[in-house]
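Reviewing the structure listed below.
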Amino acid sequence: MADQDTPQEVAATFLAKLNDSPFVMVGLNSGGHSEPLTAQLDDDQPNTLFFFTGKDNRIAGGGAAMTQFVSKGHDFFACLSGTVATDNDRAQIDKLWNKQVEAWFPGGKSDPNLTLLRFDIDSAELWETDISLSGRVKMLLGGTITSSESSSHAVVDSIA
């Protein structure tokens, strides 16, 4: 499997996994710990993740950042490098607003603490750990797993 997956196929798998479980860890490169946020995707803006958060959130100041993702099944991992910036465009907020976001902001879209952050992805490293049946047998019996039995890996400039 690993040898035939193109970087674009691995990136498409990432987007599908992120749609299924949009929870990521985001941290600014300037220091401090990463924290969990819920990614919002806009198909019209590839290579961008959006986050609704409070203006008082440690990420809200923006800057160079890293985002890490682990899929629900722990079979896909991603590390994204990019820049966080405020994007309080009302049309974008309206487009991405949903019941889950509303639960966090009692004042709705007019909540004074609400801010929309955008994370523009500069590069990504993606791992799909779909070990083949023969690889799983080797794991059980202590054999050596070849790269074609283990996983897909891609370093990409675009997840689109």
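Each value in this text was obtained by applying a stated rule to the coordinates, not by laboratory testing. Note that the structure is a prediction, hence the values are computed from the model and not measured. Methodologically, a virtual Cβ is constructed for each residue, glycine included, from the backbone with ideal geometry; neighbour enumeration extends over all protein chains shown.
Observations on the model:
- Positive minus negative residues near Phe52 (Lys, Arg vs Asp, Glu; Cβ under 14 Å): -2
- Annotation: amide H-H contacts under 5 Å for Asp122 (H modelled 1.01 Å from N, sequence separation of 5 or more, or interchain): Ser81, Gly82, Thr83.
- Distant-in-sequence amide H partners of Asp87 (H built 1.01 Å from N, under 5 Å): Leu116, Leu117, Arg118
- Neighbourhood charge, 11 Å Cβ-Cβ cut-off, centred on Met66 and excluding it, Lys, Arg +1 and Asp, Glu -1: -2
- Packing here is the average count of other Cβ atoms within 10 Å per residue, and on that basis the peptides 40-53, 22-35, highest first, run 40-53, 22-35.
- Reach of Lys55 by Cα under 23 Å, taken over lysines that are not fewer than 8 positions away in the same chain: Lys95, Lys99, Lys109
- Zone of Ser110's modelled label, taken as backbone nitrogen in region 82-102 under 17 Å from a point 7 Å along Cα→Cβ: 90-91, 93-94, 102
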